[in-house]
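First comes the structure, then the notes that go with it.
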Amino acid sequence: QRLCSAAQGDTIFAMSSGHGKCGVAVIRASGPGCRAAVQSLTGRPEPPPPRVLALRRIRDPATAEPLDRGLVAWFPGPRSFTGEDCCELHVHGGPAVVSGVLQALGRLPGLRPAEPGEFARRAFHNGKLDLTAVEGLGDLIQAETEAQRRQALRQMEGELGRLYQRWSETLTQALAHLEAYIDFSEDDSVEEEVLSQVAAAVQALEQEVGAHLRDGRRGELLRGGVRVVIAGPPNVGKSSLLNLLARRPAAIVSPVAGTTRDVVELSLNVGGYPVVLSDTAGLRATADPVEREGVSRARERLQHADLVLAVLDAGAVPAEPGGLGEALGAVLPPAAAAPPPCVLVLNKADLVQDGGGALQTACARGGLPPAALLSCKTGEGLAGLLELLRRQLERLCGDPLAGSPSLTQSRHGHHLRACRAALARYGPAAGADLALAAEQLRLARRHLGRITGHVGAEDILDIIFRDFCVGK
Ligand code: GDP
Ligand code: ZN
């Protein structure tokens, strides 16, 4: 709220590049004071030509002392990121240069440091980005894997927003026809047929929204990481598997936390897909209260898994489908309504007599999940397991560039479900109250507008911009 009221009139500035010593630092500013700021920092009567980089000596306006030689870009509004006058100073990344320039900017009248996300917020208020594009921009800055980057870029470029905008326009058109019918239904020139055309359009839209919602949370999985849980009986090599995966430097993004004593989590990048991998306590009945707590946390994890890596000891399971299925059944969540997809890991393959040939045959034969023979001890079979895992992730998350864009946030889903429900309530059967039916269409359109921010978004702006960094 504070930002909105202050948005007009003042000029904000911030360091937009990363912090710490670096070759080049980018400082940017937005607002009506930009032209004067460029003039006084470069000591020239005019800013450089719009949208080109110009090499300039940058000086402290108060003392005329040179601070650096760098590139200056001038973006007169409204053709700028925020829609206001903007400028960028590309200076050397040394801390003294950066703080010298920032202090010089801060002493100019009408300029102040930007709040986190304030540039993007101004772009939103000036109609440069809708809310889904703002969210895409935030995701792009956070993106750690290739698939995340693809999805975020698509959303930032407005694909998701345009989809919802198109739906909204469909509703506006349907409403116009319906209202015309209500106003002129006495008149023969407006025919009954109009009513059935509107009903057909509404029904088609309801189906399209439904299909969009039934995407298996693809976009959300990709955005937040797929929760992969390692589970199995004690001592089969679950922790060894986690360590093996973690030791592949190419696969690691960052350790999340060594959370509880029994659940260890880390973030991995598997073939471009983000994974949050957790290791759990071995599943078995036990009298030890501490272990029992570990087991119940493991079960809790399993309930929320998007994908399970079920580990069994290849030397301890029968090499036939029935027995394997039974051993697997003890690992997966009991009678879950929709069991999560699973990859079977037959570990300690180095201890199996025939190199696991009999097991492989059994896995191929019975209705078992895809399986990989592995030895955590020798590393043999790891490449095969990673490939299996990647294929499962691809199935779960889909190709972020294919088909229509995915919804990526739970708030999208919330409004879309409300939109669909309103469309389902639209039923201008003979004798129905047409005014009430029209109200449902308006309601549905309002929910779409809430997603893109075209309707009453003030209350969620703080939540959306909270995660942005200063300078964005
Ligand atoms: P967890 O209880 O399921 O987490 O199992 P651990 O990862 O702690 O491993 C249990 C024991 O099995 C340890 O002694 C490991 O060294 C051993 N182990 C794990 N993986 C393998 C393997 O592939 N081959 C062999 N021979 N031993 C393994
Ligand atoms: Zn363990």
Relative to the longest principal axis of the C-alpha atoms of the chain, give the angle of the C-alpha long axis of helix 289-303, reported between 0 and 90° and rounded to the nearest 10°.
60 degrees
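Which value, in Å³ per residue, describes the convex hull spanned by the Cα atoms of the chain?
Enclosed volume per residue, from the Cα hull, is 212 Å³.
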Least to most buried among Lys21, Lys238, Lys128, by other C-beta atoms within 10 Å and fewest first, runs Lys21, Lys128, Lys238
Local electrostatic count at Ala285 - Lys and Arg +1, Asp and Glu -1, tallied over other residues with Cβ under 13 Å:
+1
Stokes-Einstein diffusion coefficient of region 124-166, Kirkwood radius over Cα pairs, 10 °C, 1.306 mPa s, in µm²/s:
155 µm²/s
Please give every one of the lysines within straight-line cross-link reach of Lys377, meaning a C-alpha to C-alpha distance under 21 Å, and leave out same-chain neighbours fewer than 8 residues apart.
Lys238, Lys348
Could you tell me whether region 220-397 comes out rounded, prolate or oblate from its Cα gyration tensor? Rule is a ≥ b ≥ c as square roots of the eigenvalues, rounded for a/c under 1.5, then prolate if a/b exceeds b/c, otherwise oblate.
rounded
Rough spin-label spacing in nm, given labels placed 7 Å along Cα→Cβ, for Glu439 and Thr172
2.4 nm
Straight-line reach from Lys128: which lysines have a Cα under 22 Å away, not including same-chain ones fewer than 8 places off?
Lys472
Please list the non-local residues whose amide H lies under 5 Å from the amide H of Gly77, H modeled 1.01 Å from N, same-chain partners needing a gap of 5 or more.
Asp85, Cys86
On a full-extension model of 0.36 nm per residue, what is the gain between Gln203 and Leu351, subtracting their alpha-carbon distance, rounded to one decimal in nm?
47.3 nm
How big is the C-alpha Rg of region 2-129 next to the rule-of-thumb value 2.2 N^0.38 Å, as a ratio?
0.98
For peptides 25-36, 142-153, sequence by mean Cβ density within 10 Å, most packed first:
25-36, 142-153
For Arg150, what charge total do you get from the other residues with a beta carbon under 14 Å from its beta carbon, if Lys and Arg give +1 and Asp and Glu give -1?
-3
Put in order of increasing Cβ neighbours within 10 Å, starting from the fewest, Tyr181, Tyr273 give Tyr181, Tyr273
If I take every Cα pair under 8 Å that is 6 or more residues apart in region 2-129, average their sequence separation and divide by the length, what percent do I get for the relative contact order?
29 percent
Could you grab the relative contact order for region 220-397? Cα pairs under 8 Å, six or more apart, rounded to a whole percent.
23 percent
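Counting Lys +1, Arg +1, Asp -1, Glu -1, what net charge surrounds Asp60 among other residues with beta carbon under 14 Å of its beta carbon?
Its environment carries a net charge of +3.
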Per DSSP H run of at least 4 residues, take -39500 (n - 2.57); add these up for the chain, divide by its residues and hand me the 222 nm value, nearest 500 deg cm²/dmol.
-14500 deg cm²/dmol
Between the Cα axis of helix 192-213 and the main Cα principal axis of the chain, the angle (0 to 90°, nearest 10) is 60 degrees
Counting other beta carbons within 10 Å of each Cβ, put Leu131, Leu396 in order, fewest first.
Leu396, Leu131
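No lab work stands behind these numbers, since they all come straight from the coordinates. Only a predicted model underlies this, so the values are computations on that prediction, with no experimental measurement involved. FYI the Cβ positions are ideal-geometry reconstructions off the backbone, even for glycines, and counts take in every protein chain you see.
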